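The values are calculated or read from the model by the stated rules, or taken from the named source; none is laboratory data. Everything numeric in this text was worked out from a predicted model, so none of it was measured. For neighbour counting, all protein chains shown are included, and Cβ atoms are generated from backbone atoms with ideal geometry for every residue, glycine included.
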Amino acid sequence: MNKKLKYFLVILFFWLVGHIVYITIDGLTDYDGSADVAVILGNRVYADGSLSSWLKGRTDAAMKLYKQKRVKKIFASGGISTKENGGYPEGKAMKEYLIRNGVPAEDVVEDNEGINTYWTAENYLHWSKANHYQSVIVVSQFYHATRTKYIFRKIGVHNVHDVSSDEYSWRDVVGTLREVPAFYKYLIIY
């Protein structure tokens, strides 16, 4: 292996480690203020409409913000779960869960077209402009916070903060590693 390639690989390694450390610290540092709306980023929903542990953790975090009166509305955004999981709409499942747990239906916005982070941000932007909301707390896994805030800010939502789910699993390691190329993909494509 030549010297230039070795230097490149060493620099790449430290860049990746630095990025992982940054997104971990950023994501685990929850915003302690208030905003107009909490936006939940979707995840797996099962055929019976029940939430996966990750999505339940996100939804519980948004519900906590609402019950603490730190947000006025909850924007539950996701796509349609896979056919293997019954094809249940994620936004609908989150809304049903929130209502069952005491959040008034009129304070939950259901978005089933948030098929990825970018589309959730776009859908929220259009809804928030129509309803005159200015600030948002995005709710997802800790490693997803940096990219989510980046996308929201890039499309024009400037007052954006994050709170992460308290649900952790071994999949967070995979998610954190996957987040590095995902961030740069979004940086280039969107």
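Could you please let me know if F142 is under 13 Å from the mean Cα position of the chain (by Cα) and over 22 Å from R171 (Cα atoms)?
So F142 fails the test.
Working only within segment 77-101, note down all residues that are modelled with pLDDT of 95 or more, in a helix (DSSP H, G or I) and over 21 Å from A121 (Cβ atoms).
E96, Y97, I99, R100
Taking the stated definitions as given, is G33 surrounded by 12 or more Cβ atoms within 10 Å (Cβ to Cβ) and either in contact (Cβ under 8 Å) with a residue 40 or more places away in the chain or within 13 Å of the chain's Cα centre (by Cα) (or both)?
no
Across segment 49-76, what is the total count of residues that are over 10 Å from M94 (Cα atoms), among the aliphatic types (A, V, I, L, M) and assigned to a helix (DSSP H, G or I)?
Matching residues across segment 49-76 total 4.
Hey, can you tell me all the residues within segment 131-146 that are crowded, with 23+ Cβ neighbours inside 10 Å and of a type outside the set (S, T, Y)?
V136, I137, V138, V139, Q141, F142, H144, A145
Which of the residues that make up segment 36-48 are part of a strand (DSSP E or B) and free of Cβ contacts under 8 Å to residues at least 60 places away in the same chain?
First pass over segment 36-48, keeping only residues part of a strand (DSSP E or B): 37-41, 45.
Answer for segment 36-48, where residues must be part of a strand (DSSP E or B) and free of Cβ contacts under 8 Å to residues at least 60 places away in the same chain: just V45.
Residues V45, V39: which one is surrounded by 14 or more Cβ atoms within 10 Å (Cβ to Cβ), at pLDDT below 95 and hydrophobic (A, V, I, L, M, F, W, C)?
Numbers: V39 fails: at pLDDT below 95.
After ruling out the rest, the residue left standing is V45.
Only one of (1) buried (at least 20 other Cβ atoms within 10 Å of the Cβ); (2) more than 10 Å from the chain's Cα centre (by Cα); (3) more than 19 Å from M94 (Cβ to Cβ) is not met by W170, so which one is it?
Failing condition for W170: (1).
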